[in-house]
Structure formats: structure tokens, C-alpha cells
1. Only one of 45, 89 is surrounded by 18 or more Cβ atoms within 10 Å (Cβ to Cβ) and either modelled with pLDDT under 90 or more than 16 Å from ligand 2 (Cβ to nearest atom) (or both); which?
2. Do we find that residue 58 is within 18 Å of residue 128 (Cα to Cα), small (Gly, Ala, Ser) and either within 16 Å of ligand 3 (Cβ to nearest atom) or at pLDDT below 95 (or both) in this structure?
3. Take residue 185 and tell me if it is basic (Lys, Arg), surrounded by 14 or more Cβ atoms within 10 Å (Cβ to Cβ) and closer than 25 Å to residue 213 by Cβ.
4. Between residues in segment 41-52 that are in contact (Cβ under 8 Å) with a residue 12 or more places away in the chain and residues that are more than 10 Å from ligand 1 (Cβ to nearest atom) and not hydrophobic (A, V, I, L, M, F, W, C), which pairs lie under 6 Å by C-beta distance while being six or more apart or on different chains?
5. List pairs: first residue in segment 352-381 and within 28 Å of residue 289 (Cβ to Cβ), second residue of a type in the set (S, T, N, Q) and assigned to a helix (DSSP H, G or I) anywhere in the structure, Cβ distance under 8 angstrom, at least six positions apart or on different chains.
6. In the set 170, 222, 197, which member is in contact with a Lys or Arg (Cβ under 9 Å, 6 or more places away or on another chain), more than 16 Å from ligand 2 (Cβ to nearest atom) and free of Cβ contacts under 8 Å to residues at least 60 places away in the same chain?
7. From the list 106, 118, 95, 113, which residue is within 16 Å of ligand 3 (Cβ to nearest atom) and at pLDDT below 95?
8. Might you check whether a residue that is in a helix (DSSP H, G or I), in the same structural domain as residue 158 (by TED's automatic domain parsing) and within 11 Å of ligand 1 (Cβ to nearest atom) occurs anywhere in segment 76-96?
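The values are calculated or read from the model by the stated rules, or taken from the named source; none is laboratory data. Keep in mind it's a predicted model, so treat the numbers as computed, not measured. Quick reminder, even Gly has a Cβ in these numbers, built from the backbone with ideal geometry, and neighbours come from all protein chains shown.
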Amino acid sequence: MDLTAEDLRRAMQRGEFSFHYQPKVSFLTGRVEGAEALIRWRLPDGALVPPGDFIPVAEARGMVADVTRHMFPRLLDDLSRIHADQGEDRLAFNISANELDDPGLIHLVREAIESNRIRGPHLEIEITEGTAVSRQEVIVQRLTELMDAGVSLAMDDYGTGFSSLETLSRLPFSVLKLDQSFVMRMLASTKTATMVRTSIAMAQLLGIRSVMEGVESEQAYRMLLHYGCSEAQGYWISPALPLPDYLDFRRRDPVWPCSPIGMLRMAQLTHAWQYKLLVDMLFAYLEDPDAPGSIPRHLHMNHEECALGDWYHGLGQVLSGDPDFDCLDRPHRRMHDLCAEMLDATRRQASRDRIRQLMTNLSEESNALHSTLQRLEMRLLFEELHTPQ
Ligand code: C2E
Ligand code: CA
Ligand code: CA
């Protein structure tokens, strides 16, 4: 298709662009909690032009920011219709990374929040990188401000092109969205499945959500469910729907398989990881108490703030009342108390014997916690086996 800037401008004037909404399901509840807005161009003869045919053209003509500015008010209108009908859906919309250079877009979002047209938590911005994002400090600052207002920032198409570890480490993302090609390949390739799994684990260790798209089969869905990923999106759940169809879909409130096992496994993993980090830091301290940074200053001293505590007091609460779940709290609190004692001991330059004693106690509490988590996981796995979903 040989599109010109004039074609795109005319399409905007005639209101030929709209959003279709592809539902996103939470693995914890099995319910739709929001959707991704995907742009559609309907020509006067009724034909649909897919975004892949015109977004790259808009980018090449430097018009993609115009399209975003044109579509953002539509998104807000659609969001209020969805909220009037349903609950608290969060809508994600796509922008290209180079649009971040333009302060206009962030200003638009901020204005919508300040004028109470939307609340930050109802909005997610998916950032796709066609080209390397400029390194301006001001971009990080603007994005951080949006996150402070509760807006989620997703790194889209992670693992391809410029959506790299480098960008992930530099910009303040709150969601990792792996490129759909990995999810599509993971059933046929154990290597790819391992990459999917470790990307989910990385998101967990960074304390951010992971969203997997391109879920085209029940098998892929179930695999991701036990990997501990947060949300799924794909044709097996639903394609992107025009707004009235999306509203119908939400009214039917369909439920997909859900399970707390994935999150439990991730909590286990982060706990084991953090415990090892603590051990390393303590040994670094014992080696050289004066070395800068060897004392674990950044440890979460409050038992509700570490990754495990965050899970236990948050998402994990779906398991509240389960005897194994309930008895996780005691050894976990005890571990935090022991950490505090340990820090105090290092500050007072206690003897190695005293520190060894505290480490031994800590290790025993960690084992108790680990075996309870393990028992809980095994039991839940067997329960799922016997309950057809
Ligand atoms: P994306 O953001 O990675 O969006 C996902 C694309 O994969 C969508 O195609 C979606 O319909 C499709 N998809 C979803 N589930 C499945 C699945 O299970 N299997 C397969 N094979 N495909 C699936 P779509 O709508 O054609 O969008 C293509 C791209 O266009 C998007 O990729 C995004 O980069 C861009 N785009 C869409 N809407 C906008 C927009 O409003 N603004 C900007 N700047 N870009 C947009
Ligand atoms: Ca996207
Ligand atoms: Ca994507």
C-alpha cells in the first residue's frame, strides 16, 4: 500500500481510526482484568487496514505522535464506557519509544489524570522500540512521574530489536511483555520454554509484572500458568474486539483456568535468591568489614516488604486459611528478626562465632520455610490434578 501523509491526515479527519480491545486474563483469578487497545483503520468501503500496514508509514512520515494525540481522547471515552458498564478495567495503549522525546504525549496523559478523567492505575502504556530510545535523563524523569501517578509502563516485544536488557535496566518499567514469538515457539522448543521461564523469573526478581502474549492454545496457557506469569493475552482467549463486542464479552464474565501455584513458585524462587544474596553479602562483610557496600543496607527489614512478604500479604492471600500457608508466617518473621540481629551484630563488630550462630539459626528457619512452601506446592499440584477445570 502506497500511503501518504495526506492519506493518514484525511483518515483522522474522517474518524476512520478506532480501537479494538484484546482482553488480558489474570492468571491468579482467571478473569479479564483489562485489555490492550489495538488501532484499526476502517476505509469508507468497509475494508480494514491492519496497523502493520500504516503504523510503520506513520513512523516514517514522522506522524505517529499525531496519531497518538488523535487517538488518546478516544481511549479515554472508551474507558469511561467500559467503566460505566463494568468494573475496574485497565486499558493498555501502544506508543513508539521515539514518541517519548515529545513532551506532548506525557503532558496529555498527565492532564487527563489531573483533570480526573482517568485514574493512573487504569492506564498502561506499552512502549515498543523500533529504534534505540534516546538517552535523555528527562525521559526517565517524565516516565517516573507517570509511574508515581499509578500508570503502568510496559516494555513491549521484549527480547527483539532494541527491546533489550539495556533498555529494561535504564527505563523505569513496571511490566515486562515478552515478544509473542517466544510464547509461540515454546511448546516446540525446550530452549525457548526455558527463556520464557527465566524472563518471567527475571520480572519477578525485579518486582514487576510479566504479561505473555501470543497465547494460541490451552497447552500454552497452562504452561504459562505454572511458570508464575501474571497475565495472558492471545487468540486462545480472544482476538481484539470492537468496543461493543468487548463490552458483551465482559458482561458474560468468562473464567479461564487459574492457579496460585505459579505465584507460589515465584515467591519460593525470590526467597531462595534473596537468601543467597544475604549470605554472600555477609561473607563479603566478614572478609572485609570496611569494604564499601558489603553490609546489606538495602535489605527489606520489614517482613511485609520483601518479595515473599509482598506475595504472602498480597496475591498469596487467596490461600489464606490453608494450614501450610498460614504456618509460613512464623518462620518468615523469625528470619527477618534474625536478619535484624545479624545486622546489629555486624555493626557492633560481634565475634565470628556469634555471627556463625546467627547464620545457623537463619539457615534453619529458611529450611523450615522452604519445606512448608514445597509441601504446599506439591499438595496444590495434586489437588489441581484431581479437579478438572
Ligand atoms: P503488538 O503491540 O505487539 O500487538 C500484538 C499484535 O499481535 C496485535 O496485532 C494482535 O492482534 C496480535 N495478536 C494478539 N494475539 C495473538 C495471537 O494469539 N496470535 C497471533 N498470531 N497474533 C496475535 P495488530 O493489532 O495487527 O497490531 C500490530 C502492531 O501494531 C502492534 O503489535 C503494535 O506494535 C502496533 N499498534 C497497534 N495499535 C497501535 C497504536 O494504537 N499505536 C501504535 N503506535 N502502534 C500500534
Ligand atoms: Ca503492544
Ligand atoms: Ca507485543
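1. Numbers: 45 fails: surrounded by 18 or more Cβ atoms within 10 Å (Cβ to Cβ).
Being surrounded by 18 or more Cβ atoms within 10 Å (Cβ to Cβ) and either modelled with pLDDT under 90 or more than 16 Å from ligand 2 (Cβ to nearest atom) (or both) holds for just one of 45, 89, which is 89.
2. Yes.
3. Working: basic (Lys, Arg): yes; surrounded by 14 or more Cβ atoms within 10 Å (Cβ to Cβ): yes; closer than 25 Å to residue 213 by Cβ: yes.
Answer is yes for this residue.
4. These pairs meet every condition: 41/16; 42/16.
5. 355/346
6. After applying the criteria, what remains is 170.
7. Working: 106 fails: within 16 Å of ligand 3 (Cβ to nearest atom); 118 fails: within 16 Å of ligand 3 (Cβ to nearest atom); 113 fails: within 16 Å of ligand 3 (Cβ to nearest atom).
Selected residue: 95, the only one of 106, 118, 95, 113 that is within 16 Å of ligand 3 (Cβ to nearest atom) and at pLDDT below 95.
8. The answer is no, given that none of the residues of segment 76-96 is in a helix (DSSP H, G or I), in the same structural domain as residue 158 (by TED's automatic domain parsing) and within 11 Å of ligand 1 (Cβ to nearest atom).
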